[in-house]
1. Once neighbouring chains are kept in place and the probe is 1.4 Å, which whole percent of the accessible area of the chain is contributed by carbon and sulfur?
2. Amide H to amide H, which residues 5 or more places from Ser52 or on other chains are under 5 Å from it, using H placed in the peptide plane?
3. Peptides 191-203, 86-98: what's the order by average Cβ count within 10 Å, highest mean first?
4. Roughly what angle does helix 64-80 make with the longest principal axis of the chain, taking Cα atoms, 0 to 90 degrees, to the nearest 10?
5. If you average 1/r over every pair of different alpha-carbon atoms in the stretch 46-173 and take one over that average, what Kirkwood value in Å do you get?
6. Accessible area per residue for the stretch 62-219 in Å², computed with a 1.4 Å probe and the full protein assembly in place, what is it?
7. Tell me the angle of helix 16-27 to the major Cα principal axis of the chain, expressed in degrees between 0 and 90 and rounded to the nearest ten.
8. Taking the highest mean first, how do the peptides 181-188, 50-57 order by number of other beta carbon atoms within 10 angstrom per residue?
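The values are calculated or read from the model by the stated rules, or taken from the named source; none is laboratory data. The model shown is predicted, which means the values in this text are computed figures rather than measured ones. Here the Cβ positions follow ideal geometry from the backbone for every residue, glycine too, while neighbour counts run over all protein chains shown. Calculation scope for accessible area: heavy atoms of the full protein, side chains included, ligands and nucleic acids excluded. Shrake-Rupley method; radii C 1.70, N 1.55, O 1.52, S 1.80 Å.
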Amino acid sequence: MAPTGLLKTPPPTVSSTDAVAIAGEIYGLGSDAVPLPGERDRNFLLAADGESFFLKIANPAEQIATLDMVQRALLHVGRWDPDLPVPLPIRTRRQTLVGSTLLAGSEVAVTMTSALDGSTHDESRNTGELREHAIDLLARLDLAIRTFEHAELDRQLAWDLRMLPQLRSQLEYLDEAKRKFAASWLRHFDTQVLPQLLRADTQAIHNDFNPANLLVDSA
(Lines give C-alpha, C1' and ligand atoms only; values in the text may rest on other atoms or scores of the structure.)
Protein backbone atom coordinates (compact mmCIF):
# COMPACT_ATOMS: atom_id res chain seq x y z
CA MET A 1 0.00 0.00 0.00
CA ALA A 2 1.21 3.55 -0.71
CA PRO A 3 2.14 5.42 2.47
CA THR A 4 -0.77 7.84 1.99
CA GLY A 5 -3.41 5.16 1.27
CA LEU A 6 -4.94 5.34 4.71
CA LEU A 7 -5.04 9.13 4.53
CA LYS A 8 -7.21 9.07 1.41
CA THR A 9 -9.65 6.28 2.31
CA PRO A 10 -12.64 7.36 4.44
CA PRO A 11 -13.60 5.27 7.48
CA PRO A 12 -16.43 2.75 7.09
CA THR A 13 -20.01 3.71 7.85
CA VAL A 14 -20.99 1.82 11.01
CA SER A 15 -23.80 2.59 13.46
CA SER A 16 -23.93 1.53 17.10
CA THR A 17 -26.48 -1.13 16.14
CA ASP A 18 -24.11 -2.39 13.45
CA ALA A 19 -21.27 -2.51 15.96
CA VAL A 20 -23.25 -4.68 18.38
CA ALA A 21 -24.17 -7.04 15.54
CA ILE A 22 -20.56 -7.26 14.35
CA ALA A 23 -19.30 -7.94 17.89
CA GLY A 24 -21.90 -10.67 18.30
CA GLU A 25 -21.00 -12.23 14.97
CA ILE A 26 -17.24 -12.27 15.54
CA TYR A 27 -16.85 -12.40 19.31
CA GLY A 28 -20.17 -13.73 20.55
CA LEU A 29 -20.73 -10.84 22.93
CA GLY A 30 -22.05 -7.30 23.09
CA SER A 31 -25.27 -5.64 24.24
CA ASP A 32 -24.59 -1.94 23.73
CA ALA A 33 -22.06 0.16 21.81
CA VAL A 34 -21.09 3.80 22.30
CA PRO A 35 -19.18 5.52 19.44
CA LEU A 36 -15.68 6.76 20.25
CA PRO A 37 -13.54 9.24 18.31
CA GLY A 38 -11.38 7.90 15.51
CA GLU A 39 -9.40 9.45 12.69
CA ARG A 40 -9.41 6.56 10.21
CA ASP A 41 -11.46 3.79 11.82
CA ARG A 42 -14.82 3.34 13.54
CA ASN A 43 -14.35 2.77 17.25
CA PHE A 44 -16.83 1.79 19.93
CA LEU A 45 -16.93 1.19 23.66
CA LEU A 46 -18.78 -2.11 23.87
CA ALA A 47 -20.71 -3.31 26.91
CA ALA A 48 -21.02 -7.06 27.41
CA ASP A 49 -21.92 -9.08 30.51
CA GLY A 50 -20.99 -6.27 32.88
CA GLU A 51 -17.62 -5.66 31.24
CA SER A 52 -16.38 -3.09 28.75
CA PHE A 53 -14.36 -3.67 25.58
CA PHE A 54 -12.88 -1.56 22.84
CA LEU A 55 -14.12 -2.53 19.37
CA LYS A 56 -12.38 -1.28 16.24
CA ILE A 57 -13.89 -1.64 12.76
CA ALA A 58 -10.87 -0.79 10.66
CA ASN A 59 -10.47 1.49 7.69
CA PRO A 60 -11.04 -0.47 4.46
CA ALA A 61 -7.48 0.39 3.40
CA GLU A 62 -6.04 -1.21 6.54
CA GLN A 63 -4.43 -4.61 6.17
CA ILE A 64 -5.32 -7.55 8.44
CA ALA A 65 -1.59 -8.25 8.82
CA THR A 66 -1.04 -4.75 10.22
CA LEU A 67 -3.74 -5.17 12.84
CA ASP A 68 -2.34 -8.61 13.68
CA MET A 69 0.97 -6.86 14.38
CA VAL A 70 -0.71 -4.37 16.73
CA GLN A 71 -2.53 -7.12 18.63
CA ARG A 72 0.63 -9.19 18.97
CA ALA A 73 2.56 -6.13 20.11
CA LEU A 74 0.02 -5.61 22.91
CA LEU A 75 0.41 -9.25 23.95
CA HIS A 76 4.19 -8.81 23.92
CA VAL A 77 3.98 -5.70 26.10
CA GLY A 78 1.64 -7.49 28.50
CA ARG A 79 4.15 -10.29 28.95
CA TRP A 80 7.19 -8.03 29.45
CA ASP A 81 5.56 -5.45 31.73
CA PRO A 82 2.28 -6.83 33.13
CA ASP A 83 1.69 -3.70 35.23
CA LEU A 84 1.82 -1.35 32.24
CA PRO A 85 -1.70 0.02 31.61
CA VAL A 86 -2.28 -1.07 28.02
CA PRO A 87 -5.36 -2.83 26.61
CA LEU A 88 -5.06 -6.55 25.95
CA PRO A 89 -6.40 -8.31 22.84
CA ILE A 90 -9.62 -10.33 22.90
CA ARG A 91 -9.63 -13.32 20.56
CA THR A 92 -12.45 -13.99 18.14
CA ARG A 93 -14.75 -16.98 18.38
CA ARG A 94 -12.29 -18.68 16.00
CA GLN A 95 -9.43 -17.82 18.38
CA THR A 96 -7.80 -15.37 15.98
CA LEU A 97 -6.48 -11.97 17.00
CA VAL A 98 -8.16 -10.23 14.06
CA GLY A 99 -11.63 -10.85 12.66
CA SER A 100 -13.31 -9.58 9.52
CA THR A 101 -16.77 -8.66 8.34
CA LEU A 102 -18.46 -7.46 5.16
CA LEU A 103 -19.53 -3.82 4.95
CA ALA A 104 -21.02 -2.42 1.75
CA GLY A 105 -19.65 -5.40 -0.14
CA SER A 106 -16.08 -4.98 1.12
CA GLU A 107 -14.24 -7.00 3.71
CA VAL A 108 -12.97 -4.95 6.65
CA ALA A 109 -10.86 -6.05 9.59
CA VAL A 110 -12.16 -6.01 13.16
CA THR A 111 -10.28 -6.11 16.46
CA MET A 112 -11.27 -6.03 20.10
CA THR A 113 -9.32 -5.33 23.27
CA SER A 114 -10.05 -4.87 26.93
CA ALA A 115 -11.09 -1.33 27.84
CA LEU A 116 -9.15 0.87 30.22
CA ASP A 117 -10.74 3.26 32.68
CA GLY A 118 -10.14 6.97 32.24
CA SER A 119 -10.98 9.90 30.04
CA THR A 120 -9.18 11.36 27.06
CA HIS A 121 -6.41 13.77 27.88
CA ASP A 122 -7.52 17.36 28.46
CA GLU A 123 -4.87 20.03 27.82
CA SER A 124 -6.20 22.00 30.79
CA ARG A 125 -4.96 19.18 33.04
CA ASN A 126 -1.51 19.16 31.45
CA THR A 127 0.45 19.49 34.69
CA GLY A 128 4.14 18.81 35.13
CA GLU A 129 3.33 15.70 37.13
CA LEU A 130 1.11 14.38 34.36
CA ARG A 131 3.79 15.04 31.74
CA GLU A 132 6.38 13.20 33.81
CA HIS A 133 4.02 10.27 34.21
CA ALA A 134 3.37 10.19 30.45
CA ILE A 135 7.11 10.24 29.71
CA ASP A 136 7.65 7.39 32.17
CA LEU A 137 4.80 5.45 30.55
CA LEU A 138 6.27 5.89 27.06
CA ALA A 139 9.74 4.84 28.25
CA ARG A 140 8.36 1.68 29.84
CA LEU A 141 6.33 0.94 26.72
CA ASP A 142 9.34 1.25 24.41
CA LEU A 143 11.43 -0.91 26.74
CA ALA A 144 8.72 -3.57 26.83
CA ILE A 145 8.43 -3.62 23.04
CA ARG A 146 12.13 -3.42 22.18
CA THR A 147 12.41 -7.14 21.37
CA PHE A 148 9.13 -7.34 19.43
CA GLU A 149 9.44 -8.55 15.84
CA HIS A 150 6.81 -8.78 13.10
CA ALA A 151 6.98 -8.75 9.31
CA GLU A 152 4.66 -5.73 9.17
CA LEU A 153 7.18 -3.55 11.01
CA ASP A 154 8.85 -3.05 7.61
CA ARG A 155 5.68 -1.85 5.87
CA GLN A 156 5.48 1.60 4.33
CA LEU A 157 3.71 4.01 6.65
CA ALA A 158 3.08 7.73 6.22
CA TRP A 159 3.96 8.33 9.88
CA ASP A 160 7.37 6.65 9.55
CA LEU A 161 9.93 9.49 9.42
CA ARG A 162 11.88 7.57 6.79
CA MET A 163 8.88 7.98 4.47
CA LEU A 164 8.74 11.76 4.89
CA PRO A 165 10.10 12.59 1.38
CA GLN A 166 7.20 10.66 -0.17
CA LEU A 167 4.77 13.18 1.30
CA ARG A 168 5.98 15.85 -1.12
CA SER A 169 2.91 15.16 -3.23
CA GLN A 170 0.80 16.58 -0.40
CA LEU A 171 2.50 19.99 -0.46
CA GLU A 172 0.03 21.20 -3.07
CA TYR A 173 -2.66 21.31 -0.37
CA LEU A 174 -0.78 24.01 1.58
CA ASP A 175 -0.90 27.72 0.91
CA GLU A 176 2.18 29.23 -0.73
CA ALA A 177 3.94 30.37 2.43
CA LYS A 178 3.47 27.07 4.24
CA ARG A 179 4.38 25.14 1.08
CA LYS A 180 7.72 26.95 0.77
CA PHE A 181 8.45 26.45 4.46
CA ALA A 182 7.64 22.71 4.35
CA ALA A 183 9.60 22.25 1.11
CA SER A 184 12.69 23.84 2.68
CA TRP A 185 12.50 21.46 5.64
CA LEU A 186 12.06 18.49 3.31
CA ARG A 187 15.26 19.49 1.51
CA HIS A 188 17.02 19.71 4.88
CA PHE A 189 15.62 16.30 5.83
CA ASP A 190 16.89 14.76 2.57
CA THR A 191 20.45 15.98 2.99
CA GLN A 192 20.99 16.16 6.75
CA VAL A 193 18.55 13.93 8.58
CA LEU A 194 17.73 10.91 6.42
CA PRO A 195 21.34 9.73 5.90
CA GLN A 196 21.80 9.65 9.70
CA LEU A 197 18.41 8.07 10.29
CA LEU A 198 19.07 5.20 7.91
CA ARG A 199 22.25 4.32 9.82
CA ALA A 200 20.59 4.35 13.23
CA ASP A 201 19.49 1.28 15.16
CA THR A 202 15.75 0.69 15.03
CA GLN A 203 13.06 -1.01 17.08
CA ALA A 204 9.28 -1.05 17.25
CA ILE A 205 7.84 2.04 18.98
CA HIS A 206 4.37 3.48 19.60
CA ASN A 207 5.07 6.44 17.26
CA ASP A 208 1.79 8.27 17.92
CA PHE A 209 1.97 9.14 21.61
CA ASN A 210 -0.16 12.27 21.37
CA PRO A 211 -2.75 13.50 23.91
CA ALA A 212 -5.66 12.12 21.87
CA ASN A 213 -4.22 8.62 22.37
CA LEU A 214 -3.86 8.89 26.14
CA LEU A 215 -6.35 8.06 28.86
CA VAL A 216 -6.08 9.88 32.17
CA ASP A 217 -7.60 8.57 35.37
CA SER A 218 -9.13 10.67 38.15
CA ALA A 219 -5.85 10.81 40.06
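1. Working: 7240 of 13630 Å².
Roughly 53 percent of what the probe reaches on the chain is carbon or sulfur.
2. Long-range HN contacts for Ser52: Ala115.
3. Taking the mean over residues of other Cβ atoms within 10 Å, the ranking is 86-98, 191-203.
4. The answer is roughly 80 degrees.
5. On the way: mean 1/r = 0.0578 Å⁻¹.
Every distinct Cα pair counted, the radius reaches 17.3 Å.
6. Working: 10600 Å² over 158 residues.
Per-residue value: 67 Å².
7. That works out to roughly 80 degrees.
8. Numbers: 181-188: 12.4, 50-57: 17.9.
Packing proxy ranking, top to bottom: 50-57, 181-188.
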